[in-house]
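The block underneath contains the structure these notes are about, expressed in structure tokens.
The values are calculated or read from the model by the stated rules, or taken from the named source; none is laboratory data. Keep in mind that what you see is a predicted model, and the values were worked out from it rather than measured. For neighbour counting, all protein chains shown are included, and Cβ atoms are generated from backbone atoms with ideal geometry for every residue, glycine included.
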Amino acid sequence: MSAGDSEQPVSAAADPKALRASYFENVNASFKHMREAMETEGKKLRGNDYISVLLLPIASVTLAICSAIPGGLAIRPFLVTTFCLALLYFIGARIGILRALTLRQTHLVLSIISATFMLGATFALLMYEIMRQL
């Protein structure tokens, strides 16, 4: 057992039924755990983290505004590139945390990130097709 495994909540680690819960129970418990983690750990940001936390929504809102205005087509490639760079900076600022995880945890995190990326790409293609038909 590694140091990262010992930080699991005692209730989940001690109760094997909690690990075999139904789909919806697992999702609900996971969201509660993530909310608790965001409330406690979200307050402990380093100076560089504030930059990436603010840069991402600013780039998102700017891109959305540019997409909504008719003359925004000219600067949209620049804003899409800026948004991609903001995402890369956000990921790069946090990628070092993977070294603290076990191999299994790292694999699971990367699987979730990959699935989220595929979901986002599929949604973007669907929205593009819907907007093209209008």
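The set of residues from the range 90-128 being of a type in the set (Phe, Trp, Tyr) and more than 13 Å from the chain's Cα centre (by Cα) comprises 123, 128. Residues considered: 59, 86, 93. Of these, the only one that is touching a residue at least 40 places away in the same chain (Cβ under 8 Å), touching a helix residue (DSSP H, G or I) at 6+ places or on another chain (Cβ under 6 Å) and in a helix (DSSP H, G or I) is 93. Look at the range 104-130: where a residue is surrounded by 10 or more Cβ atoms within 10 Å (Cβ to Cβ) and a partner is assigned to a helix (DSSP H, G or I), sitting 6+ places away or on another chain with Cβ atoms under 7 Å, you get 106/98; 109/98. Counting only helices (runs of 4 or more DSSP H) that fall entirely inside the range 1-56 and contain at least 2 residues that are modelled with pLDDT of 75 or more and either within 21 Å of residue 103 (Cα to Cα) or touching a Lys or Arg at 6+ places or on another chain (Cβ under 9 Å) (or both), the qualifying elements are 23-41.
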